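Right, one structure below, let's go through it.
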Amino acid sequence: MRNLFRFFLKQNFVLLFMLLGALSIWLLTKSHTYHRAAIVNTTSNFTGGILAFGASIGDYFRLKETSNQLAEQNARLQEKLYFYEHLNDSLLIELVDSVGFEYIPARVVSNTVHLRNNYIIINKGSKHGIEKEMGLVSPSGIAGIVIGVSENYATALSILHTHARLSIKFSKNNQLANLVWHGKDFKKGIVEDIPTHLSPAPGDTLVTSGHSFIFPEGIMVGTVLEYFEQEGRGLNEASIQFSTDFNKLKYVYVVNNRNQNEIEALLKLNVYE
Amino acid sequence: MNSYAKNAIRFVLLLLLQVFIVNNIRIGGYINPYVYVLFVLLLPFSIPGWLLLILGFGMGLAVDLFMATPGLHAGATLLLAFMRPAVIRLVSGAQSPDTDESPGISDKGKRWFITYSFTLILLHHTVLFFLEAFSFARFTDTILRISLSTLFTELIILLIVFFITKPKK
C-alpha cells in the first residue's frame, strides 16, 4: 500500500511536470506568432511600473548623452524645417503627404540587445493613443514595431528580433530590399533580396521604403558595411551598420500613420473584387 | 527566520537582481548570465516535488513577465526543477539527504555544490538557449552562448553563495 502510494506520488511529479511543460510550450509558441500579440498580457501595468522605476534610476547616469542626442536631432530637424519653409508651392504636395504621420514621444523602460529576440518596452500606452502595428523610431533611425499595448505601457518588437522584417530602399537609387537581423551583433543588420544589377558600395545609406505603412518613407536605417555576392542566385545580401545605437536607446517616438486604416481597407477591397 | 520567509525574500531579491542588474550585463553579445536559477537551487532538500515544480515554473514565469518572453524562462526553469531531485541523488551517492536544510557549501562542501549547481545550470541554459533560438540553425552560435553564459552564471552564483554562507566556527 505504501509502495502504491509512493508510486502515485512519483507519477504526480511527472504529470505535473508535463502539464506545466505543455503550458510553457504553449505560451512560447503563442509568443512566436508575434503579430497575434500574445505579449499584450505580459505588458502589464505592474511590471511596466517596476521597470519604469528601475529605468528612472539609470536615467541620471545618461543625462549628458541623452541631451547630446536630442540636440543633434534638433539640429537635423531645424535643417529640415528651413527646407520646408523655403519650399515653393509645386513641392507642397510632398509636405501634405508627410502630414499623415504623427509622432508621439516616449521613454524606453526596458530594452535588450543581447537576446535572439529582443523587445522594447515604452512608457506610453493606449491612454496616449498608442496602438499595435505602429512604428518606433529613435532620434537617429528606426527602432521597432509596437506589438502589444496596455493602458500605460507598450511592448515593441525590436528590429533586433529574428522575426523582424522591414522593407527598405537604397537612398541613392530607390531600389527596394529587405532588412533582417540574424541575431548576433546589435550594431549590424543584413539586407536581403538585393537585385544583382545593383552593386552597393560601403557607405551607401539605406532608408525605410514607406511600403509597409508602418514607417514613413525616408527614415534612416543604416549604412552598407560589406556586400556579398552569392554565386548562382538572383539576389544578393549586404551587411549594414544600424544608424540607431540599440544599446543606448532611451527616448523614442511612436509613429502613427493616420491613414493606415484607410490604406488597409483599400487593400482589402482590391483583394475581394 | 523560517524557511518560507527566507525563500520568499530570496525569490524577490534574485528576481530584482536579474531584471535590474544582471540583464544589463552585455559582454560581446554572448554572455547573458541567469542567476535567478539560484532560487531553485537553494530550496530545501525536503521540499515536496509538486511544490518544487510550481516554484521553478513560477520563478521562470516571473522573469518572463519582465523580459516579455512568455514561456521561455518558465519552461527552462521548470525542467531544472524537474531534474533537481535526480541530480541531487546522482551527486550525493548512496545517502541522499532529506532534511530541511538548503543545498549549500557549509555542510556539503564546495565540490559537491559546484558539481550540483554546474550540472543544473548547464541543463537550464542548454534548454533556454535552444528554446530561444527555437531551432537548431546556427548551432555553433547557440553552443557558444550556452557555454559562456553557463560559466558566468556559475561564477556569479558561487560568489553569492560564498558571500551568504556563514563561516564555520
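The values are calculated or read from the model by the stated rules, or taken from the named source; none is laboratory data. The structure displayed is predicted, hence computed values, not measured ones. Note: ideal-geometry Cβ built from the backbone for every residue, glycine included; neighbour counts use all protein chains shown.
Just give me the residues in region B:128-141 being at pLDDT 85 or above and at the interface with another protein chain (Cβ under 10 Å from one of its Cβ atoms), in sequence order.
B:Phe129, B:Leu131
So which residues in region B:109-127 are modelled with pLDDT under 85 and surrounded by 19 or more Cβ atoms within 10 Å (Cβ to Cβ), if there are any at all?
None; the set is empty.
Name the one entry in B:Thr115, B:Thr99, B:Thr77 that is farther than 30 Å from A:Asn111 by Cα and touching a helix residue (DSSP H, G or I) at 6+ places or on another chain (Cβ under 9 Å). Write out each step before concluding.
Details: B:Thr99 fails: touching a helix residue (DSSP H, G or I) at 6+ places or on another chain (Cβ under 9 Å); B:Thr77 fails: farther than 30 Å from A:Asn111 by Cα.
Step by step, each of B:Thr115, B:Thr99, B:Thr77 is checked, and only B:Thr115 is farther than 30 Å from A:Asn111 by Cα and touching a helix residue (DSSP H, G or I) at 6+ places or on another chain (Cβ under 9 Å).
For region A:125-135, does any single residue satisfy the condition of being within 14 Å of chain B (Cβ to nearest Cβ) and assigned to a strand (DSSP E or B)?
Among the residues of region A:125-135, not one is within 14 Å of chain B (Cβ to nearest Cβ) and assigned to a strand (DSSP E or B), which makes the answer no.
Would you confirm whether or not region B:55-67 contains a residue that is part of a loop (DSSP other than H, G, I, E, B), within 25 Å of B:Ile105 (Cβ to Cβ) and touching a Leu at 6+ places or on another chain (Cβ under 8 Å)? Reasoning before the result, please.
Of region B:55-67, the ones part of a loop (DSSP other than H, G, I, E, B) are none.
Within region B:55-67 (the criterion being part of a loop (DSSP other than H, G, I, E, B), within 25 Å of B:Ile105 (Cβ to Cβ) and touching a Leu at 6+ places or on another chain (Cβ under 8 Å)), the answer is no, since none of the residues qualifies.
Pairs please, first residue from region A:206-219 and farther than 19 Å from A:Arg76 by Cα, second anywhere and charged (D, E, K, R) and part of a strand (DSSP E or B), Cβ atoms under 6 Å, 6+ apart in sequence or on different chains.
Pairs found: A:Ser209/A:Lys169.
Which residues, counting only those in region B:56-75, are over 24 Å from A:Ile122 (Cβ atoms), within 8 Å of another protein chain (Cβ to nearest Cβ) and in contact with a Phe, Trp or Tyr (Cβ under 6 Å, 6 or more places away or on another chain)?
B:Ala74
Only one of (1) part of a helix (DSSP H, G or I); (2) surrounded by fewer than 17 Cβ atoms within 10 Å (Cβ to Cβ); (3) in contact with a Phe, Trp or Tyr (Cβ under 9 Å, 6 or more places away or on another chain) is not met by B:Ala86, so which one is it?
It is condition (3) that B:Ala86 fails.
From the list A:Val207, A:Val224, A:Val180, A:Val252, exactly one residue is of a type in the set (Val, Ile, Thr) and closer than 24 Å to A:Leu51 by Cα. Which is it? Even if it seems obvious, please write down each step before you answer.
Numbers: A:Val207 fails: closer than 24 Å to A:Leu51 by Cα; A:Val224 fails: closer than 24 Å to A:Leu51 by Cα; A:Val180 fails: closer than 24 Å to A:Leu51 by Cα.
Residue meeting the stated conditions: A:Val252.
Write out, first by first residue and then by second, each pair whose Cβ atoms fall under 8 Å of each other, whose residues are 6+ apart or on separate chains, and whose first residue, in region B:67-94, is under 30 Å from A:Ala55 (Cβ atoms) while the second is among the basic types (Lys, Arg).
B:Pro70/A:Lys30; B:Gly71/A:Lys30
Within the group B:Leu78, B:Leu53, B:Leu15, B:Leu42, which residue is surrounded by fewer than 22 Cβ atoms within 10 Å (Cβ to Cβ), at pLDDT 90 or above and at the interface with chain A (Cβ under 10 Å from one of its Cβ atoms)?
On the way: B:Leu78 fails: surrounded by fewer than 22 Cβ atoms within 10 Å (Cβ to Cβ); B:Leu53 fails: surrounded by fewer than 22 Cβ atoms within 10 Å (Cβ to Cβ); B:Leu42 fails: at the interface with chain A (Cβ under 10 Å from one of its Cβ atoms).
Exactly one of B:Leu78, B:Leu53, B:Leu15, B:Leu42 is surrounded by fewer than 22 Cβ atoms within 10 Å (Cβ to Cβ), at pLDDT 90 or above and at the interface with chain A (Cβ under 10 Å from one of its Cβ atoms), namely B:Leu15.
Quick grid of which residues meet (1) within 14 Å of chain B (Cβ to nearest Cβ); (2) surrounded by 15 or more Cβ atoms within 10 Å (Cβ to Cβ):
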| residue | (1), (2) |
| --- | --- |
| A:Gly183 | yes, yes |
| A:Lys187 | yes, yes |
| A:Ile190 | yes, yes |
| A:Pro195 | no, no |
| A:Leu198 | no, yes |
| A:His211 | no, no |
| A:Ile219 | no, yes |
| A:Gly222 | no, yes |
